[in-house]
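Since the structure comes first, as structure tokens, the remarks are kept for the end.
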Ligand SMILES: [Zn+2]
């Protein structure tokens, strides 16, 4: 607690000096006319870059999680807070792992800042977090049943949602820079075509596959993806779970599902240590399933980006992995 208070104090005072330094600089010179955009999550960053196209050179586009820190573990640094407070456009998901955003937005110094919250854009299509048969439940969650429903925040993992979200980003960019409207709209149209093509490939894959169920020995952020193509799932934990250990019951349940459905693949998400997957496999009858990972894009880092990672390449890779496993 003490440590936390100290850290907060540091943020406040840095913000204060940050602002006054900014004001002094502005007195002598115009504020940089580069558009400043801050994104919390990789897909937001990548989509914005696509819509900006060549105009990205004239923008300061910040991806807050570029260190590769998982969305669920990220807290803004004092420097991040300053970047956010003064930007022209702030894009965030707005789910349970970004509860820090409310406080950050109280420190905003730019009165013209536009904010896009993906959960608001998706609106009624946001799904309630599902605790499915066999899942490990966290003790607090069981007591929370009187409270408001928790929504599944992983909306970017539906390619169909991606199209809707890109539209919203394009609309807001056009509001900020109406003179670039035609450019942004053309970039959006070209990108939307690629998203539609990918959506069709997922759809064809799901239709052609003999297996219609995935088993995740991990947390499960992919509900928006599997629901789009009528693929069923079982998983050890809900999407945002911080659990890393599964009980005997959960391991046994998942192993039984693999046996019953004759599945040859156990899924994990990116950066998994495979401990639960291996435990599940050794509890099955055949004990010879393979492990495959789908990337939920919650810890894409700047090296990945330098190596060409994009929403499309990562989802294309997820498609290839699913195609092979469900064949
Ligand atoms: Zn999450």
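The values are calculated or read from the model by the stated rules, or taken from the named source; none is laboratory data. None of these values were measured; they are calculated from a predicted model. Glycine also receives a Cβ, built like all others from the backbone with ideal geometry; neighbour counts cover every protein chain displayed.
Here are some notes:
- Entry remark, the stretch 101-112: residues being surrounded by 14 or more Cβ atoms within 10 Å (Cβ to Cβ) and either touching a strand residue (DSSP E or B) at 6+ places or on another chain (Cβ under 6 Å) or not in a loop (DSSP other than H, G, I, E, B) (or both) number 3 in total.
- Every residue from the stretch 202-224 that is within 16 Å of the ligand (Cβ to nearest atom) and touching a strand residue (DSSP E or B) at 6+ places or on another chain (Cβ under 8 Å): 216, 218, 219, 220, 221, 222, 223
- The criterion of being within 20 Å of residue 309 (Cβ to Cβ), touching a strand residue (DSSP E or B) at 6+ places or on another chain (Cβ under 6 Å), in contact (Cβ under 8 Å) with a residue 12 or more places away in the chain and within 16 Å of the ligand (Cβ to nearest atom) does not hold for residue 98.
- When each of 233, 229 is tested for being outside the structural domain of residue 97 (by TED's automatic domain parsing), on the phi < 0 side of the Ramachandran plot and in contact with a strand residue (DSSP E or B) (Cβ under 9 Å, 6 or more places away or on another chain), the lone residue that passes is 233.
- Scanning the stretch 55-67 for residues that are more than 16 Å from the ligand (Cβ to nearest atom) and in contact (Cβ under 8 Å) with a residue 40 or more places away in the chain yields a total of 4.
- Any hit, the stretch 308-326, residues being surrounded by fewer than 19 Cβ atoms within 10 Å (Cβ to Cβ), in the same structural domain as residue 218 (by TED's automatic domain parsing) and in a helix (DSSP H, G or I): no
- Among (1) within 21 Å of residue 65 (Cβ to Cβ); (2) in contact with a helix residue (DSSP H, G or I) (Cβ under 8 Å, 6 or more places away or on another chain) - the single one residue 101 does not satisfy: (2)
- Being at pLDDT 95 or above and either outside the structural domain of residue 218 (by TED's automatic domain parsing) or away from the ligand (no atom under 16 Å from the Cβ) (or both) is not true of residue 134.
- Test: residue in the stretch 273-290 that is under 29 Å from residue 45 (Cα atoms), surrounded by 16 or more Cβ atoms within 10 Å (Cβ to Cβ) and in contact with a strand residue (DSSP E or B) (Cβ under 6 Å, 6 or more places away or on another chain): no
- Test: residue 297 is within 20 Å of residue 95 (Cβ to Cβ), within 14 Å of the ligand (Cβ to nearest atom), under 18 Å from the mean Cα position of the chain (by Cα) and crowded, with 23+ Cβ neighbours inside 10 Å: yes
- Of all residues in the stretch 62-95, those satisfying the criterion of being out of contact with any helix residue (DSSP H, G or I) (no Cβ under 9 Å at 6 or more places or on another chain) and either outside any loop (DSSP other than H, G, I, E, B) or farther than 17 Å from residue 116 by Cβ (or both) are 69, 83.
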